[in-house]
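For reference, the structure discussed in these notes is given below.
The values are calculated or read from the model by the stated rules, or taken from the named source; none is laboratory data. Since the structure is predicted, the reported quantities are computational estimates derived from the model, not experimental observations. Note that we place each Cβ from the backbone using ideal geometry, even for glycine, and neighbour counts take in every protein chain shown. Side chains included, ligands, DNA and RNA excluded: accessible areas come from the protein's heavy atoms. Shrake-Rupley method; radii C 1.70, N 1.55, O 1.52, S 1.80 Å.
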Amino acid sequence: EPNYVGVEVADGVALSARQQLGFEDGSRLAVDLEVLTSIEAVRVNGVCYDVHWHFGGPLTDEDGEPVLGVCEHDPEGIPNAAQILIDPDLVGGREEVILSTAVHEKGHAIFEAPKWVSATQRAIARGLPPLSAHDAKRVHRTITPDENHLAATPPRGSSEFFEEVRANAFMGTFLAPIHRVYGRLCHHCGRLGLSPSDLQCFDPLMLSRRFECIAAAGAVSQDHLRIIDRRLRAVDELLTRLARDFGVTKRFIEVRLMRYGFLGQAKAVA
């Protein structure tokens, strides 16, 4: 029951999962949704259970608010399984967002579901009734279409925050592990006239506010402005290429580069 497993272990489990799926043995980088959903059974610390995938909606939380992804365990209806449900319509069917959310929920299925399933299995083994269906354990992932699912939103210190950070760490490493990102980063930097050290000079906000940053630097020479603009364009193209390599969004890759310390001087995020 991995109640207190942290980010470092979540990273290791994500790498192990990639290895088990054969993504660390060759040149393949991106994990596609078909491969992900082929995972239909898992064993975590000796707890064995099935994983059921459902794509469709709408999905809501207990307050009736729409959510993109849910991981749940129904001890009465399906006692030996974790269910992962995704609503693709909430993000207009964007495959990259659907994939990252599905992996995030898979993180919940690995780190939260074992304690739910084992509790149900112990109850059944003792001849006790499992929890009623309305008490089913659920993990909800409330998100909006602007990709807020890449950052943990519950209050710091809460169990929900801990669970979300851990699931995000699993998601990030599973889809874009640091060693594979670094390899592609060096590859693209060489072709874009950048070096990995160049990226340390850029505040990530500069990428989304390129024209404002250039305007604010109006006191410098036109040649210098052109250099700034060219480098910002190169970094933006770098994010585009890396996102394409790993089958994720540019925002996803930006968060990964910050967490791995490859972009700017921002504080690492999980």
Matching entry among Glu40, Glu76, Glu62, Glu96 (being crowded, with 16+ Cβ neighbours inside 10 Å and of a type in the set (Asp, Glu)): Glu96
For Leu68, only one of the following conditions fails: (1) of a type outside the set (S, T, N, Q); (2) touching a residue at least 60 places away in the same chain (Cβ under 8 Å); (3) open to solvent by 10 Å² or more (accessible area, probe 1.4 Å); (4) within 22 Å of Val165 (Cα to Cα). What is its number? (3)
Between residues in the range 175-187 that are over 19 Å from Glu96 (Cβ atoms) and residues that are open to solvent by 40 Å² or more (accessible area, probe 1.4 Å), which pairs lie under 7 Å by C-beta distance while being six or more apart or on different chains? Cys186/Pro196
Consider only pairs whose beta carbons are under 7 Å apart and that are at least six residues apart or on different chains; among these, list those whose first residue lies in the range 241-269 and is small (Gly, Ala, Ser) and at pLDDT below 90 and whose second residue is buried (at least 19 other Cβ atoms within 10 Å of the Cβ) and in a helix (DSSP H, G or I). Ala268/Arg259
For the range 7-23, indicate whether the set of residues that are more than 18 Å from the chain's Cα centre (by Cα) and surrounded by 14 or more Cβ atoms within 10 Å (Cβ to Cβ) is non-empty. no
Take the conditions surrounded by fewer than 17 Cβ atoms within 10 Å (Cβ to Cβ) and of a type outside the set (A, V, I, L, M) and apply them to His54. Does it pass? yes
